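Some notes on the structure that comes next.
The values are calculated or read from the model by the stated rules, or taken from the named source; none is laboratory data. Given the structure is predicted, the values throughout are model-derived calculations rather than measurements. We place every Cβ from the backbone using ideal geometry, glycine too, and count neighbours over all the protein chains shown.
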Amino acid sequence: MTPDDVRAAVERYYAAISGRDIDAAVAMFSPDAVMRDPVGMPPATDAAARRQRYDGIALAFETFTITAHQVVAVADEAGASWTANGKARTGREVTFDGISTFAFDAEGRITHMSAYWDVSAIMSAMSGA
């Protein structure tokens, strides 16, 4: 993959999540990929576990978008800074920032992804605590 291919794949990934296209997001990973989203939680190492993470977003938020501000790609890897915005099922508006890293295989599938964001701060913001 070229760096342009990698940047485009990262943008497709965020578009799938923002569009609540769970099937597309899960399909972007190789079967044996490791997804650490968020870092600090047990990794999702199969399609069912990855689907469960995306289902969790859909259950927690009425609306949810994630926008990459900068995607830096080198060879078949990338780092991206991003902002997520959503309306929680509690009715609260939530905005948070993060950084993710990606590695891709020759077919353009994600083999490893790590997302760095503060889970406890988001949970507090969603509940109003």
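If you go through the range 46-67 one residue at a time, do you hit one that is touching a strand residue (DSSP E or B) at 6+ places or on another chain (Cβ under 6 Å), assigned to a loop (DSSP other than H, G, I, E, B) and hydroxyl-bearing (Ser, Thr, Tyr)? No: zero hits. Scanning the range 13-22 for residues that are outside any helix (DSSP H, G or I) and without any contact (Cβ under 8 Å) to a residue 40 or more places away in the chain, we see that the one that is surrounded by the most Cβ atoms within 10 Å (Cβ to Cβ) is ASP21. Note on the range 1-12: among residues that are part of a helix (DSSP H, G or I) and touching a strand residue (DSSP E or B) at 6+ places or on another chain (Cβ under 7 Å), the one that is surrounded by the most Cβ atoms within 10 Å (Cβ to Cβ) is VAL10. Would you point out the residue of the range 23-44, among those that are under 11 Å from the mean Cα position of the chain (by Cα) and in a helix (DSSP H, G or I), that is surrounded by the most Cβ atoms within 10 Å (Cβ to Cβ)? My answer is ALA25.
When the range 28-74 is limited to residues that are polar (S, T, N, Q) and either touching a residue at least 40 places away in the same chain (Cβ under 8 Å) or in contact with a helix residue (DSSP H, G or I) (Cβ under 9 Å, 6 or more places away or on another chain) (or both), the one that is nearest to ARG92 (Cα to Cα) turns out to be THR65.
For the range 72-119, residues that are within 19 Å of LEU59 (Cα to Cα), of a type in the set (Lys, Arg) and not in a strand (DSSP E or B) total 2. Would you be able to say whether some residue in the range 35-48 is out of contact with any Leu (no Cβ under 7 Å at 6 or more places or on another chain), at pLDDT 95 or above, more than 25 Å from SER120 (Cα to Cα) and charged (D, E, K, R)? No, the conditions are met nowhere in the range 35-48.
For residues that are of a type in the set (A, V, I, L, M) and touching a Phe, Trp or Tyr at 6+ places or on another chain (Cβ under 8 Å), tally how many sit in the range 95-129. Summing the residues that are of a type in the set (A, V, I, L, M) and touching a Phe, Trp or Tyr at 6+ places or on another chain (Cβ under 8 Å) in the range 95-129 gives 6.
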